[in-house]
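Here's the structure we're looking at; comments come further down.
The values are calculated or read from the model by the stated rules, or taken from the named source; none is laboratory data. Nothing here was measured: the structure is a model prediction, and the numbers come from that model. Every residue, glycine as well, gets a Cβ built from its backbone with ideal geometry; the counts of neighbours run over all protein chains shown. For the accessible areas, the whole protein counts, side chains as well, though only heavy atoms, and no ligand, DNA or RNA atoms are used. Shrake-Rupley method; radii C 1.70, N 1.55, O 1.52, S 1.80 Å.
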Amino acid sequence: MSNGSSQVASADRGAWKSKLGFILAASGSAIGLGNIVFFASNAYQYGGGAFYLPYFVALFVIGIPVMIMEFSLGTMTGQSFPMALNRLVGKKGEVMGWFTMASALFITMYYITILGWALSMMFGAMGGLLTDPAVAPFTPFETPSGGPSATAYFFGLIATWKPMLAVVTIWVLTVLILWRGTSTIEAAVRVFVPLMWVFMIVLIVRGLTLDGGTDGVLYLFTPNLDGVSDINVWQGAFAQMFFSLSLGLGTMTAYASYLPKDADQINNSLLVSFLNCGFEYIAGVAIFAMLFVFALNPAGSTLSLSFFVIPQGIAAFPVGVKLFGTLFFFLVVIAGLTSAVSLVEGFAASIIDKLQISRTTALTMVLVPGIVGSLAFALPQIIDPGLSGNGTLGLTLLDILDHWAFRYALIFSGFMQCILIGWVFGADRLRQAANKYSKFHLGPWFNWLIKLVIPIMLGYVLVGTLIEDLTQDGGLYGSLYDLNAFEWLPTVIPLVWFVGSIALAVYLTFGRPTEQAPVA
Ligand code: PFF
């Protein structure tokens, strides 16, 4: 696995075979559901071209600098996230690191459930999902007029036990890809990442050659400054950027810890960010083209875009409906799989570094709770037949947990990293470490970005989001849903996430001794 002693941080942690392997793995982590689905629905929700300025500010002022920081944590210490923070700032860093990793585990669980649904939809698309008008509508749901209904199919599907099998399949694939660490991850991303680009290009060509396909693109590309004064647009752009670049969940630090110490992290951050955002824009173009041609409205939940709206567009293609439908869901599955792999690796690497256990033990320790959690999000019991909420128990759990874990964990972690690294460790030391092996040098302005500008922007978004959540009509998020016997869910889910993450963080930081890594 190793070639050259400088590549191996500690005896058996593993190392990327080449820089290309690392770039493919890190960009494979970044490119996922966030790019294919969330970007388009956010961009639409926030007014197309009005999303421009906040998006690019989020990329250059926050995204790239935080990625430089997360990558550098990995190469400076040769450790994954919590232990890297421990080495640089002590136990207070470690406890924050584990809190982040616990949230990452919760997010991984439902990320994999969504991939399970996408896999099931892919099989549906290979069959009659998009072509057969006889697909029975999910009874309580109103069928959109004309043609087969992807919406009805989706609700019909998640109200059965079938997707559970798909969820288990995705977990098994994830663990297989992680089996031998960097070597098996590298083998998988060498196939999947180029394939994603090819499939995306096929979809964009199809989108743009539809009659009227360019109108949607104009909507996306015409800058419009209306959104600049709306805090929601900025919140949306920051959250989108963090999630899309895989920041704030410890994965980028774990991946970077398998690089040689002299890796150029400034160059790597620029490359990975541009690959990710390039893919995102291409995906946006393909999706917007289709939405405008078929006058589809992507408003509503982000999931609805991938599971109802895009399939509805593909079903209206003049030719190749089955082919493009299958291709689309296959693309979602492989893009999501390389992201899920990085999420699980971030956690597995953290417990390997902390407890010095074998990779097999670590993977088992993640797989067991992970699979149980993912299956919980796939529970098919219908709790809201009117669908004023989400319909099934699993989707409701997912929606409520996503609201909390996704909106707070990533941004909070980014905020805390800036405080700990910027003020406790010293932003200048981080800058010197990044500059040491880089052709491009960061000026002293970088220190102020990490110490002040980014924490203020993230802090503002965090406080704004919290105020919005606490002052919302009708109580906590989800309380207005029609939950029947489950009306305790909106209170219990955020508690489980928050208390569970803190308990895990305190236990692992203070309750477990840190084993020393064997000397390489
Ligand atoms: N970047 C991935 C996406 O866009 O779908 C999701 C993700 C993966 C977020 C890994 C965070 C992470 F650590």
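Which is within 16 Å of the ligand (Cβ to nearest atom) and aromatic (Phe, Trp, Tyr), of Phe324, Phe307? Steps first, please.
Numbers: Phe324 fails: within 16 Å of the ligand (Cβ to nearest atom).
So the residue among Phe324, Phe307 that is within 16 Å of the ligand (Cβ to nearest atom) and aromatic (Phe, Trp, Tyr) is Phe307.
Quick one: Ile502 ticks every box in (1) open to solvent by less than 50 Å² (accessible area, probe 1.4 Å); (2) in a helix (DSSP H, G or I); (3) of a type outside the set (S, T, N, Q) bar one, so which box is it?
(1)
Taking the conditions exactly as written (within 13 Å of the ligand (Cβ to nearest atom), part of a helix (DSSP H, G or I) and within 27 Å of Tyr507 (Cβ to Cβ)), does Ile107 satisfy them or not?
Values: within 13 Å of the ligand (Cβ to nearest atom): yes; part of a helix (DSSP H, G or I): yes; within 27 Å of Tyr507 (Cβ to Cβ): yes.
For Ile107, the condition - within 13 Å of the ligand (Cβ to nearest atom), part of a helix (DSSP H, G or I) and within 27 Å of Tyr507 (Cβ to Cβ) - is met.
For a quick check of your reading of the model, give me the residue pairs whose first member lies in segment 248-277 and is open to solvent by less than 10 Å² (accessible area, probe 1.4 Å), whose second is among the acidic types (Asp, Glu), with beta-carbon atoms closer than 6 Å and at least 6 apart or on different chains.
Met252/Glu70; Thr253/Glu70; Ala254/Glu345
Of all residues in segment 268-303, which are in contact with a Pro (Cβ under 8 Å, 6 or more places away or on another chain) and either among the basic types (Lys, Arg) or at pLDDT below 85 (or both)?
Leu291
What are the residues in segment 428-452 that are under 27 Å from the mean Cα position of the chain (by Cα), of a type in the set (A, V, I, L, M) and open to solvent by less than 60 Å² (accessible area, probe 1.4 Å), if any?
Within segment 428-452, Leu430, Ala434, Leu449, Ile450 qualify.
Report, by residue number, each residue of segment 148-171 that is surrounded by fewer than 21 Cβ atoms within 10 Å (Cβ to Cβ), of a type outside the set (A, V, I, L, M, F, W, C) and part of a loop (DSSP other than H, G, I, E, B).
Passing the criteria: only Thr160.
Run Val285 past the list (1) within 16 Å of the ligand (Cβ to nearest atom); (2) in contact with a helix residue (DSSP H, G or I) (Cβ under 6 Å, 6 or more places away or on another chain); (3) among the aliphatic types (A, V, I, L, M) and report the number of the one that doesn't hold.
The single condition Val285 does not satisfy is (1).
Can you pull out the helices (runs of 4 or more DSSP H) entirely within segment 172-245 that have at least 2 residues that are among the polar types (S, T, N, Q)?
On the way: elements: 182-208, 214-221, 231-244.
The qualifying helices (runs of 4 or more DSSP H) are 182-208, 231-244.
With the requirement that a residue be open to solvent by less than 10 Å² (accessible area, probe 1.4 Å) and away from the ligand (no atom under 16 Å from the Cβ), what does segment 228-247 give you?
Residue satisfying the conditions is Val233 alone.
Which of the residues that make up segment 24-48 are open to solvent by less than 10 Å² (accessible area, probe 1.4 Å), among the small types (Gly, Ala, Ser) and at pLDDT below 85? Steps first, answer last, please.
Residues of segment 24-48 open to solvent by less than 10 Å² (accessible area, probe 1.4 Å): 25-37, 39-41, 43, 48.
This time we only want the ones that are among the small types (Gly, Ala, Ser), so: 25-30, 32, 34, 40-41, 43, 48.
Hits for segment 24-48 are Ala40, Ser41, Ala43, Gly48.
Inspect segment 122-137 for any residue being at pLDDT below 95, in a helix (DSSP H, G or I), closer than 30 Å to Val366 by Cβ and not small (Gly, Ala, Ser) and give the result as yes or no. Talk me through it step by step, then tell me what you get.
Step one: filter segment 122-137 for residues at pLDDT below 95, giving 122-137.
Applying the additional criterion that residues be in a helix (DSSP H, G or I) yields 122-126.
Filter again for closer than 30 Å to Val366 by Cβ, leaving 122-124.
Now restrict to residues that are not small (Gly, Ala, Ser): 122-123.
Scanning segment 122-137, I find at least one residue that is at pLDDT below 95, in a helix (DSSP H, G or I), closer than 30 Å to Val366 by Cβ and not small (Gly, Ala, Ser), so the answer is yes.
Quick check on segment 385-392. Is at least one of its residues more than 15 Å from the chain's Cα centre (by Cα), farther than 20 Å from Tyr477 by Cβ and open to solvent by 10 Å² or more (accessible area, probe 1.4 Å)? Walk me through how you get there before you give the answer.
To start, the set of residues in segment 385-392 that are more than 15 Å from the chain's Cα centre (by Cα) comprises 385-392.
Keeping just the survivors that are farther than 20 Å from Tyr477 by Cβ gives 385.
Subset that is open to solvent by 10 Å² or more (accessible area, probe 1.4 Å): 385.
Yes - at least one qualifying residue is present in segment 385-392.
When residues of segment 318-366 are filtered for being open to solvent by less than 50 Å² (accessible area, probe 1.4 Å) and within 20 Å of Ser501 (Cα to Cα), how many remain?
Here is the first cut: in segment 318-366, the ones open to solvent by less than 50 Å² (accessible area, probe 1.4 Å) are 320-321, 324-329, 331-355, 357, 359, 362-363, 366.
When the remaining residues are screened for being within 20 Å of Ser501 (Cα to Cα), the result is 340, 342-355, 362-363, 366.
Count: 18.
Could you tell me whether segment 413-423 includes any residue that is in a helix (DSSP H, G or I) and more than 18 Å from Pro82 (Cα to Cα)? Explain how you work it out, then say what you get.
Quick first cut of segment 413-423, residues in a helix (DSSP H, G or I) only: 413-423.
Right, trim to more than 18 Å from Pro82 (Cα to Cα) and you get none.
For segment 413-423, residues in a helix (DSSP H, G or I) and more than 18 Å from Pro82 (Cα to Cα): absent.
Identify all residues within segment 246-270 that are over 19 Å from Ile282 (Cβ atoms) and part of a loop (DSSP other than H, G, I, E, B); write none if there are none. Show your work before the answer.
At the first step, the residues of segment 246-270 found to be over 19 Å from Ile282 (Cβ atoms) are 247-269.
Those that are over 19 Å from Ile282 (Cβ atoms) and part of a loop (DSSP other than H, G, I, E, B): Leu247, Gly248, Leu249, Gly250, Ser257, Tyr258, Leu259, Pro260, Lys261, Asp262, Ala263, Asp264.
Of the conditions (1) surrounded by fewer than 24 Cβ atoms within 10 Å (Cβ to Cβ); (2) at pLDDT below 95; (3) within 13 Å of the ligand (Cβ to nearest atom); (4) of a type in the set (Val, Ile, Thr), Val57 clears all except one; give me its number.
(3) is the only condition that Val57 fails.
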